[in-house]
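One structure is given below, encoded as structure tokens.
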Amino acid sequence: MGMFSKKLGVDLGTVNVMIYSGGQIVLQEPAMVALTIEDERVVAVGQEARDMYGRHPEHIEVLRPLRDGVIADYEVTEAMLRYFFRKIAGGMRFRGPEVMLSVPYGVTSVEKRAVHEAAVRAGAREAHLLPEPLLAALGAGLPISTPAGNMIFNLGGGASEAAVLAMNGIVVADSVRMGGMRLDEGIINYIRRKYSLVVGEPTAESIKIQIGAAVDIGEELSMEIQGRDQVGGLPRTITVTTSEVIEAIEEPLSSIVSAAKAVLEKTPPELASDIIDRGIVLTGGGALLRGIDDYITRAVGVPAYRAEDPLVTTAVGAGRALEDLAILRRMVQGL
Ligand SMILES: Nc1ncnc2c1ncn2[C@@H]1O[C@H](COP(=O)(O)OP(=O)(O)OP(=O)(O)O)[C@@H](O)[C@H]1O
Ligand SMILES: [Mg+2]
């Protein structure tokens, strides 16, 4: 069963950590840690830390160790990974896992080294890194080893990346350090401006997920939410609708989608026709937004399709890359 030398495909994200091993997703947790402020002792990690967000006592802080796709707090990232690796081991003693981690396209070598070191210090026996769009393409099952061009657009929480891949390598790519969290911010700002109501990040995110859309979906959903009055300071309830969310996220969404436009503009003509035929595959949590496929299709003029299970595509790709080291080696050479 490979119990003593686990291979883990890790999508180390700004919002979520997903881990794939032995043919399935074995861990899916928010990338959050709760710490005591005074001595930085870890109190909770993952879902437990997220549950504390916004409702914890004052001697505790809840934070995301990654920001915009890259490590913002090195030690906390290490502590989080160690906790997740142990959780997967389930109390069993085993040699440190061999891991493949995703890093955003276009990160600096310093940022890459930070990920590598955090993984090793968290207990990994060996750590490999590959760019997220490549792993996402692999996880989505795109035939990236062929000479034909395939395009992936990963819509993450803190960063978004578009890439055209062929012959196991990235031909052109572009990224913005902007993702679903910017959409949440757009909702927070919209509600503050329109209703003088202050809502928190978790509320904004649940509005986006429950009733949000990128374009008119022919269905107007609505939802009651509570916030704090900006003037009086007291709690108040309002109802928000799908069309309000569309308006609230319009600006950040169009900035995010500019990454896909930039890639298409740089794509060599030989591959551009492949992309027009095959379309763009959307991955990452942002691909779950209602109507995002139509929105991108209209914005860039090339058909866009949602991957099957977009939240876990990168982790699946990381796991597959690790399982098939021959593929891995070919890809690494091609980079
Ligand atoms: N149903 C949904 N509709 C819209 N957005 C969603 C939905 N489900 C999740 N999201 C958003 O997807 C984002 C998380 O996606 P994902 O897990 O791919 O990001 P990440 O890998 O943590 O971030 P990054 O790759 O940028 O470091 C969050 O912003 C979340 O709000
Ligand atoms: Mg991601």
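Do we have E29 as more than 19 Å from the chain's Cα centre (by Cα) and either more than 16 Å from ligand 2 (Cβ to nearest atom) or assigned to a strand (DSSP E or B) (or both) here? Against the criterion (more than 19 Å from the chain's Cα centre (by Cα) and either more than 16 Å from ligand 2 (Cβ to nearest atom) or assigned to a strand (DSSP E or B) (or both)), E29 does not qualify.
Can you spot a residue in the range 195-203 that is at pLDDT 95 or above, aromatic (F, W, Y), buried (at least 16 other Cβ atoms within 10 Å of the Cβ) and over 15 Å from E250 (Cα atoms)? Yes: the range 195-203 contains one or more residues that are at pLDDT 95 or above, aromatic (F, W, Y), buried (at least 16 other Cβ atoms within 10 Å of the Cβ) and over 15 Å from E250 (Cα atoms). Residue count for the range 234-266 under the criterion of being β-branched (V, I, T) and either surrounded by 19 or more Cβ atoms within 10 Å (Cβ to Cβ) or modelled with pLDDT under 95 (or both): the result is 8.
Here is the figure for the range 32-72: residues that are on the phi < 0 side of the Ramachandran plot and within 16 Å of ligand 2 (Cβ to nearest atom) total 8.
Within the range 106-123, can you find the residues that are buried (at least 23 other Cβ atoms within 10 Å of the Cβ) and in contact (Cβ under 8 Å) with a residue 60 or more places away in the chain?
Taking the range 106-123 first, the residues buried (at least 23 other Cβ atoms within 10 Å of the Cβ) are 115, 118-119.
Listed by number, the residues that qualify are V115, A119.
Looking across S254, S196, one residue alone is hydroxyl-bearing (S, T, Y) and under 25 Å from the mean Cα position of the chain (by Cα). It is S254.
Yes or no: G54 at pLDDT below 95 and among the small types (G, A, S)?
Yes; evaluated as a whole, the condition is true for this residue.
P147 meets the conditions (1) in contact (Cβ under 8 Å) with a residue 24 or more places away in the chain; (2) outside the structural domain of F84 (by TED's automatic domain parsing) in every case but one. The failed one is (1). Flag not set for R320, criterion: of a type in the set (D, E, K, R), more than 24 Å from Y20 (Cα to Cα) and modelled with pLDDT of 80 or more.
For the range 79-87, the count of residues that are farther than 13 Å from A124 by Cα and surrounded by fewer than 18 Cβ atoms within 10 Å (Cβ to Cβ) is nonzero.
Whether a residue is under 22 Å from T297 (Cβ atoms), in contact (Cβ under 8 Å) with a residue 60 or more places away in the chain and out of contact with any Asp or Glu (no Cβ under 6 Å at 6 or more places or on another chain) was assessed, and I217 passes this test.
Screening V62, V33, V70, V42 for residues that are farther than 27 Å from R182 by Cα, in contact with a helix residue (DSSP H, G or I) (Cβ under 7 Å, 6 or more places away or on another chain) and not polar (S, T, N, Q) leaves exactly one candidate, V42.
Restricting attention to the range 53-71, the residues that are surrounded by fewer than 17 Cβ atoms within 10 Å (Cβ to Cβ) and free of Cβ contacts under 8 Å to residues at least 60 places away in the same chain total 8.
The values are calculated or read from the model by the stated rules, or taken from the named source; none is laboratory data. Worth saying up front: this structure is predicted, and the values here are computed from it rather than measured. All Cβ positions, glycine included, derive from the backbone under ideal geometry; neighbour counts span all protein chains shown.
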